[in-house]
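*Asks:* A single structure is presented below for examination.
The values are calculated or read from the model by the stated rules, or taken from the named source; none is laboratory data. It should be emphasised that the depicted structure is a prediction, and the values quoted were computed from it without experimental measurement. Cβ sites come from the backbone with ideal geometry, for glycine too, and all protein chains shown count toward neighbours. For accessibility, only protein heavy atoms count, side chains too; no ligands or nucleic acids. Shrake-Rupley method; radii C 1.70, N 1.55, O 1.52, S 1.80 Å.
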Amino acid sequence: EDFAPGYARGLQRVGRDLEAFPQYTSLYKDGQFGYEKPLEELYLKLNKGQRTGFEGYIDGLKAELNDDIKNHLAQIITDKETPSFKLRNLKGEIVDSKSLLGKVIVLDFWATWCSPCIRSFPGMQKAVTKYEKDPEVVFLFIDTWERDEDYEKKVNEFIDKNKYTFNVLFDDKKNDEEIAPKFGIKGIPAKFVIDKKGKTRFFLTGSSPYPDYILMELTQMIERARKG
């Protein structure tokens, strides 16, 4: 995962621009949009300082990635009943899933010890921020399978420290039963996108570590679920 950026930078450093350019292009097409600056620098060098066509090139890469995501999601779209739940959040309020009918719900099952969960959070925050003023879309981050006794304190501190604006719910033994097994979860992170009728439309286990990819993927799932 870390080899490709280093290789691209190394090629650029020694002036092998023709080889470095496709390496950066490949990173960008993975959803790593932070490499736009070196891509632009190389584009200018390879085109004798002419920037004409660069925006179109970048838009084309994004369109290609969007199509890849669309094709991937077409393979996994579903239409399943979603288990209902009542869980308390960080403020101690009870969130009842039945009260959220009519909205698109994104569920993200996670834990403080789960590295892939944590790695996906900058991307999840981008999605939360994008939809924060949309009354039809709700994000719920369901903390589950915690191992420490003082997990509530750890979760609070973790969310505060990272300034995440997540609505975190606790799936724990203080409820009648844990809900992760009801959802058939075998591993985390596990993400569900539920449509306005309460049907699960998408289920993903694992996550890309790239924030821009996560945002694009979630946007497609949410908009597809919104249409029903």
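*Asks:* Say whether the condition of being polar (S, T, N, Q) and more than 17 Å from VAL138 (Cα to Cα) is met by at least one residue in region 95-112.
*Replies:* Yes; the residues of region 95-112 include at least one that is polar (S, T, N, Q) and more than 17 Å from VAL138 (Cα to Cα).
*Asks:* Going through region 145-164 one residue at a time, which ones are over 19 Å from the mean Cα position of the chain (by Cα) and part of a loop (DSSP other than H, G, I, E, B)?
*Replies:* TRP145, GLU146, ARG147, ASP148, GLU149, ASP150, listed by residue number.
*Asks:* Kindly check whether there is at least one residue in region 101-110 that is touching a Cys at 6+ places or on another chain (Cβ under 6 Å), outside any helix (DSSP H, G or I) and in contact (Cβ under 8 Å) with a residue 40 or more places away in the chain.
*Replies:* Checked against the condition, which is being touching a Cys at 6+ places or on another chain (Cβ under 6 Å), outside any helix (DSSP H, G or I) and in contact (Cβ under 8 Å) with a residue 40 or more places away in the chain, region 101-110 yields at least one hit.
*Asks:* Also: Filter region 131-164 for residues that are in contact with a strand residue (DSSP E or B) (Cβ under 9 Å, 6 or more places away or on another chain), in contact (Cβ under 8 Å) with a residue 40 or more places away in the chain and exposed (fewer than 15 other Cβ atoms within 10 Å of the Cβ) and give the result.
*Replies:* GLU136, ASN156
*Asks:* Tell me which residues, restricted to region 165-217, are closer than 16 Å to ASP143 by Cβ, aromatic (Phe, Trp, Tyr) and not in a strand (DSSP E or B).
*Replies:* PHE166, PHE183, listed by residue number.
*Asks:* What do you reckon, is ILE58 touching a helix residue (DSSP H, G or I) at 6+ places or on another chain (Cβ under 9 Å) and closer than 30 Å to LEU169 by Cα?
*Replies:* no
*Asks:* Given the condition at pLDDT 95 or above, touching an Asp or Glu at 6+ places or on another chain (Cβ under 7 Å) and closer than 27 Å to GLN32 by Cα, answer yes or no: does some residue in region 186-193 qualify?
*Replies:* Scanning region 186-193 turns up at least one residue that is at pLDDT 95 or above, touching an Asp or Glu at 6+ places or on another chain (Cβ under 7 Å) and closer than 27 Å to GLN32 by Cα.
*Asks:* If TRP113 satisfies all but one of (1) open to solvent by 40 Å² or more (accessible area, probe 1.4 Å); (2) aromatic (Phe, Trp, Tyr); (3) in a helix (DSSP H, G or I), what's the number of the condition it fails?
*Replies:* (3)
*Asks:* Also, I was wondering about something else. Return the pair list, or none, for Cβ contacts closer than 7 Å from residues in region 1-19 that are without any contact (Cβ under 8 Å) to a residue 12 or more places away in the chain and open to solvent by less than 100 Å² (accessible area, probe 1.4 Å) to residues that are outside any loop (DSSP other than H, G, I, E, B) and not basic (Lys, Arg), at least 6 apart or on different chains.
*Replies:* From region 1-19, the pairs are GLU19/LEU11.
*Asks:* Cβ-Cβ distance below 7 Å, separation of 6 or more or different chains: which pairs start in region 44-59 with a residue that is closer than 20 Å to GLN12 by Cβ and open to solvent by 50 Å² or more (accessible area, probe 1.4 Å) and end on one that is acidic (Asp, Glu) and assigned to a helix (DSSP H, G or I)?
*Replies:* Pairs found: LYS45/ASP17; LEU46/ASP17.
*Asks:* All but one of (1) open to solvent by 40 Å² or more (accessible area, probe 1.4 Å); (2) part of a helix (DSSP H, G or I); (3) farther than 18 Å from PHE203 by Cα; (4) among the small types (Gly, Ala, Ser) hold for GLY92, so report the exception by its number.
*Replies:* (2)
*Asks:* Turning to a different aspect of this structure: Starting from residues that are touching a helix residue (DSSP H, G or I) at 6+ places or on another chain (Cβ under 9 Å) and open to solvent by less than 80 Å² (accessible area, probe 1.4 Å), keep the ones in region 65-76 and report whichever is nearest to GLY31 (Cα to Cα).
*Replies:* LEU65
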